[in-house]
Amino acid sequence: MPSLVTDTPEHRAVRASVAKIASKYGARYFLERGRSGGDISELWSDLGAAGLLGLHLPEEYGGGGGGMTEAVVVVEELAAHGMPMLIWVISPAICGSILAHHASEELKKEWLPGIADGTRKMAFGLTEPNAGSNSHQMSTTARRDGDGWVISGSKYYISAIDQADAILLATRDAEHSTSEKGNLSLFVIPTDAPGLTFQQIDTSIVSPDQQFTVFLDDVRVGPEALVGEAGQGLRQLFDGLNPERILVGAICSGVGRYAIKKAADYARERQVWSVPIGAHQGLAHPLAAAHIEVEVGRLATYRSAELFDAGEPAGEAANIAKYAASEASLKALDQSIQTHGGNGLSHEYGLSELWFVTRLMRSAPVSREMVLNFVAQNCLGLPRSY
Ligand SMILES: Cc1cc2nc3c(=O)[nH]c(=O)nc-3n(C[C@H](O)[C@H](O)[C@H](O)COP(=O)(O)OP(=O)(O)OC[C@H]3O[C@@H](n4cnc5c(N)ncnc54)[C@H](O)[C@@H]3O)c2cc1C
């Protein structure tokens with residue numbers, strides 16, 4: 001389909017490489033695995049072997065030496081083949097980016113090559129049951145213990161920790177915090193560390209990546225587990241949160257493209273009166289409008305990735321991209337389901353099962369309201385209500 005986003009020759013090659021692997025498995029494989037809670041490690045390994053998990057990571061640690069734009073191309077193209085991959089956003093994007101910017105040489109050497117080639121995965125633990133969107137209220141605490149730390153607390157909605165070798169965990173650092181102000185420290189903790197357990201949260205989301213509550217009961221870590229400087233975790237987190245928003249824009253852009261392509265193909269073929277259903281403006285106009293909104297979301301997503309890669313402030317653009325693309329993808333998916341009539345709800349057409357994973361992007365990783373708060377305060381200079 002014609003697009004407003006113009007690819008460089010390199011990006012076209014990356015897209016082709018993703019498309020080849022995605023087509024080998026197909027959306028049906030991905031959704032079946034999602035439905036049964038099955039794993040997609042063969043697909044993940046293929047992506048890793050083709051260099052498609054670490055394009056944005058530094059070459060000296062096994063990455064491709066590219067930027068967020070290359071990551072957007074991969075994640076968007078996977079979703080455009082019916083494979084919206086949460087784990088891509090979490091392990092290579094958030095954890096990979098934070099480690100590449102802030103971790104010690106030892107941690108980088110230990111984790112980045114495996115994250116880039118797909119042999120290792122890392123979960124990301126920020127959200128807590130009692131803090132939610134307000135991470136400043138975090139109560140999972142790291143206390144000094146000899147030359148290391150002891151960590152206790154809990155996190156919820158932690159994606160894919162069952163598949164991960166370690167978790168990048170945000171904690172309140174007891175030594176660097178006061179009762180008025182909490183300062184954070186980040187740690188890389190193996191998922192088999194004594195005292196770390198997790199329990200699945202049942203959700204409606206059809207995805208190979210499940211959600212978990214994570215419990216930390218006096219988990220001991222040595223000095224080597226600390227990422228960057230103790231007490232500086234909030235600043236370090238920001239190097240992962242803009243990539244997270246940008247790549248949610250990419251996932252949603254891909255889902256939007258997938259939904260619209262399927263709807264347009266179906267509407268050209270399906271005929272119930274004398275003309276194909278796509279000839280009825282009642283179907284054609286909402287699809288055209290959905291396409292426009294998906295393209296606008298894509299443009300915002302690519303622009304935010306470019307700003308990020310240029311080292312420019314990208315917070316505003318990343319939030320706008322996340323908002324625009326996530327709202328557009330939901331509308332596009334809904335209209336595609338509508339275009340398919342009853343078939344929109346059958347497994348065979350691979351649409352309705354994407355509903356909850358797409359709907360999720362309105363609530364997480366940052367909710368629509370928190371994006372609007374950011375824009376109201378930072379772009380419009382309006383006062384903060386909370
Ligand atoms: C499928 C899934 C996967 C996830 N994966 C991860 C993960 O891997 N790691 C991780 O750390 N977290 C993860 N999360 C957590 C996610 O980031 C949080 O759900 C999200 O930040 C919102 O927090 P909450 O669910 O506690 O909602 P709350 O913070 O309780 O918010 C509830 C509602 O109140 C609104 N609200 C709250 N404060 C304000 C305000 N000041 N102004 C206006 N409205 C407000 C919110 O927008 C929301 O609509 C995941 C969540 C889901 C659903």
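The values are calculated or read from the model by the stated rules, or taken from the named source; none is laboratory data. Since the model is a prediction, treat every value here as computed from it, not as a measurement. Cβ coordinates were reconstructed from backbone atoms using ideal geometry, including for glycine residues, and neighbour counts include every protein chain displayed.
The table below lists the values:
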read-out: Where Leu52 falls short, out of the listed (1) surrounded by 20 or more Cβ atoms within 10 Å (Cβ to Cβ); (2) without any contact (Cβ under 8 Å) to a residue 40 or more places away in the chain; (3) closer than 18 Å to Ser159 by Cα; value: (3)
read-out: Identity of the residue in the range 147-180, farther than 29 Å from Leu86 by Cβ and charged (D, E, K, R), that ends up surrounded by the fewest Cβ atoms within 10 Å (Cβ to Cβ); value: Glu180
read-out: Of all residues making up the range 188-209, the number that are within 13 Å of the ligand (Cβ to nearest atom) and either small (Gly, Ala, Ser) or in a strand (DSSP E or B) (or both); value: 5
read-out: Single match in Ala142, Ala131 (criterion: hydrophobic (A, V, I, L, M, F, W, C) and either within 10 Å of the ligand (Cβ to nearest atom) or outside any strand (DSSP E or B) (or both)); value: Ala131
read-out: Subset tally (residues that are hydroxyl-bearing (Ser, Thr, Tyr), part of a strand (DSSP E or B) and more than 9 Å from the ligand (Cβ to nearest atom)) for the range 158-181; value: 1
read-out: Whichever residue in the range 210-246 is assigned to a helix (DSSP H, G or I) and over 25 Å from Ser104 (Cβ atoms) and, among such residues, is nearest to the ligand (Cβ to nearest atom); value: Arg245
read-out: Whichever residue in the range 82-98 is more than 11 Å from the ligand (Cβ to nearest atom) and part of a helix (DSSP H, G or I) and, among such residues, is nearest to Ala27 (Cα to Cα); value: Trp88
read-out: Among the residues listed as Ser185, Ser152, the single one being over 26 Å from Ser363 (Cα atoms) and assigned to a strand (DSSP E or B); value: Ser152
read-out: Residue list for the range 335-386, filter: closer than 30 Å to Lys155 by Cβ, within 23 Å of the chain's Cα centre (by Cα) and not in a helix (DSSP H, G or I); value: Ala364, Pro365, Val366, Ser367
read-out: Hey, Arg15 of a type in the set (Lys, Arg), modelled with pLDDT of 95 or more, within 24 Å of Ala160 (Cβ to Cβ) and surrounded by 14 or more Cβ atoms within 10 Å (Cβ to Cβ) or not; value: no
read-out: Arg303 among the basic types (Lys, Arg), within 12 Å of the ligand (Cβ to nearest atom) and crowded, with 17+ Cβ neighbours inside 10 Å; value: no
read-out: Flag if Ala310 is more than 18 Å from the chain's Cα centre (by Cα) and either within 16 Å of the ligand (Cβ to nearest atom) or surrounded by 21 or more Cβ atoms within 10 Å (Cβ to Cβ) (or both); value: no
read-out: Total residues in the range 1-24, condition assigned to a helix (DSSP H, G or I) and either of a type in the set (A, V, I, L, M, F, W, C) or more than 21 Å from the chain's Cα centre (by Cα) (or both); value: 13
read-out: Among (1) under 30 Å from Pro208 (Cβ atoms); (2) more than 8 Å from the ligand (Cβ to nearest atom); (3) not hydrophobic (A, V, I, L, M, F, W, C) - the single one Gly125 does not satisfy; value: (2)
read-out: Among the residues listed as Ile90, Ile40, the single one being within 19 Å of the chain's Cα centre (by Cα), buried (at least 17 other Cβ atoms within 10 Å of the Cβ), among the β-branched types (Val, Ile, Thr) and within 16 Å of Leu168 (Cα to Cα); value: Ile90
read-out: Only one of Arg235, Arg245, Arg268, Arg298 that is surrounded by fewer than 18 Cβ atoms within 10 Å (Cβ to Cβ), of a type in the set (D, E, K, R) and modelled with pLDDT of 95 or more; value: Arg268
